[in-house]
Every structure is written in structure tokens, then in C-alpha cells.
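Heads up, the thing below is written out as C-alpha cells.
The values are calculated or read from the model by the stated rules, or taken from the named source; none is laboratory data. Remember, predicted model here, so these are calculated numbers, not experimental data. Virtual Cβ from ideal backbone geometry, glycine too; neighbours counted across all protein chains shown. Side chains are part of the model used for accessible areas, which takes the heavy atoms of the whole protein and leaves out ligands, DNA and RNA. Shrake-Rupley method; radii C 1.70, N 1.55, O 1.52, S 1.80 Å.
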Amino acid sequence: MACVEEGIYLSGPDNRAVWLEPFLIDVYPTTNEDYARFVQATKHRPPQHWPDGHCPVALATHPVVWVTWHDATAYARWAGKALPTARQWEKAARGPRGRIYPWGNEPTAAKANTAEAGIDATTPVFRYQSGASPYGTFDMCGNVWEWCSTEEDPGSGRYHLKGSAFTSPIERAAPSLLNTAAASMKDNDTGFRCAMPA
């Protein structure tokens, strides 16, 4: 996990200054391999793309997908962690000075698995080293959308998704942008990572 120090960061498309307590966040999105340990230990339902309910070896280091917000929350609880808030996630991605993208302010398609890469599938979570954030976290732009613990409106059952996916154009992949989905939604481009208090 990477440590994100306490302090102000620039939040949202309008770069409002927001104070956050220190926290830890996973360097990588949760992989199929990670999730397989959870499925084995808890008998939780495996993702629908695993043949016969088993983690495909070829996808072991790819982010797990086809998980609902409830699945992600159950994994985080099992791991002794939580889903990050949308603000924690954004600070970890943009750094304290509010970069537009994790690596800087230019939309450099070669630094992330977005639509421009033409891969049209997930990639190993450690692939885009030059796209790491100021805190050393990977895949915070592209690869998979990531569930956050922040609800859109109290009681709405819709939660924030951050970071965009391999299906997203780079211009729509900035970590400050807003996206939400129903907690029951699952897709081939949606996963998560975990966080905890520092």
C-alpha cells in the first residue's frame, strides 16, 4: 500500500482545496489472483468470466472485473480494509498539486490502457509504470473503473466510480471526473482497489 500524507489537495474539475487525513491505498487494483484467495476463503460467488469458477491463469495479474459494489465491499472487509472514498481515490491519483492525470497535465495515451491503446481488454496492473501517480499508485487512469465507498446521494444506492477504463477515451479519463453507477452494476471494465486509515 502507498501512504498518502495528510493535507490539502485540489479536488474535482474546479480544483477546490480539500483537506484529507492521512491514509493508505493499494498500489494496484485488486487482481483476479487476489480475488481468488477471497473466493476460496469465503465461498463468495466468483466473477462470471472465470471458467468453472476458477481464476484464469492468463488473467491472474489483471484487475478483477464483473464485480458489483457489494462484491468489492465484501472483499475489502475480508481483507481488513475498505473501499476508498472518492476524495481519497482522487488525491492518490492526482497528488497534492492537482495534476490532471496521474503522470502530469498532458493526455499521454501511451501511459494508460485507454481506448487509444486499442487493446480493448484489461492489462496486467503493473504494465504502465510511466503512468504511476505521485504516490506510486498504478492504473489510476484507464484499465478499469474503480468502485469507491462514496454514495452519490444518501440512500440513492449509486456509488462513485473513478479512473476510467480500457473502454474510455483519454480525454474522459481524468481522475477528477465524476461517474456513478448502481451498486448492483457489474461490467467487464469495472473493478476496485482498497484503502485504510494510515
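Look through 36, 74, 17 and report the one residue that is farther than 19 Å from residue 193 by Cα, among the small types (Gly, Ala, Ser) and either in contact with a strand residue (DSSP E or B) (Cβ under 8 Å, 6 or more places away or on another chain) or not in a loop (DSSP other than H, G, I, E, B) (or both).
17
Hey, among 90, 171, which residue is of a type in the set (Asp, Glu) and surrounded by 24 or more Cβ atoms within 10 Å (Cβ to Cβ)?
Residue meeting the stated conditions: 90.
Would you confirm whether or not region 140-159 contains a residue that is buried (at least 19 other Cβ atoms within 10 Å of the Cβ), part of a helix (DSSP H, G or I), touching a residue at least 12 places away in the same chain (Cβ under 8 Å) and not β-branched (Val, Ile, Thr)?
No, because not a single residue in region 140-159 is buried (at least 19 other Cβ atoms within 10 Å of the Cβ), part of a helix (DSSP H, G or I), touching a residue at least 12 places away in the same chain (Cβ under 8 Å) and not β-branched (Val, Ile, Thr).
Hey, could you check region 112-139 for residues that are charged (D, E, K, R) and more than 16 Å from the chain's Cα centre (by Cα) and say which is surrounded by the most Cβ atoms within 10 Å (Cβ to Cβ)?
My answer is 116.
Which of (1) more than 19 Å from residue 196 (Cβ to Cβ); (2) free of Cβ contacts under 8 Å to residues at least 24 places away in the same chain is the odd one out, the single condition residue 61 does not satisfy?
All conditions are met except number (2).
Select from region 186-198 the residues that are farther than 22 Å from residue 113 by Cα and of a type in the set (A, V, I, L, M, F, W, C) and write down the one among them that is modelled with the lowest pLDDT.
The residue in question is 198.
Residue-by-condition table, conditions (1) surrounded by 14 or more Cβ atoms within 10 Å (Cβ to Cβ); (2) in contact with a Gly (Cβ under 8 Å, 6 or more places away or on another chain):
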{"residue": "10", "(1), (2)": "yes, yes"}
{"residue": "13", "(1), (2)": "no, no"}
{"residue": "27", "(1), (2)": "yes, yes"}
{"residue": "51", "(1), (2)": "no, no"}
{"residue": "68", "(1), (2)": "yes, no"}
{"residue": "75", "(1), (2)": "yes, no"}
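Go through region 29-49 and report how many residues are of a type in the set (D, E, K, R) and either modelled with pLDDT under 95 or open to solvent by less than 20 Å² (accessible area, probe 1.4 Å) (or both).
Residues in region 29-49 being of a type in the set (D, E, K, R) and either modelled with pLDDT under 95 or open to solvent by less than 20 Å² (accessible area, probe 1.4 Å) (or both): 0 in total.
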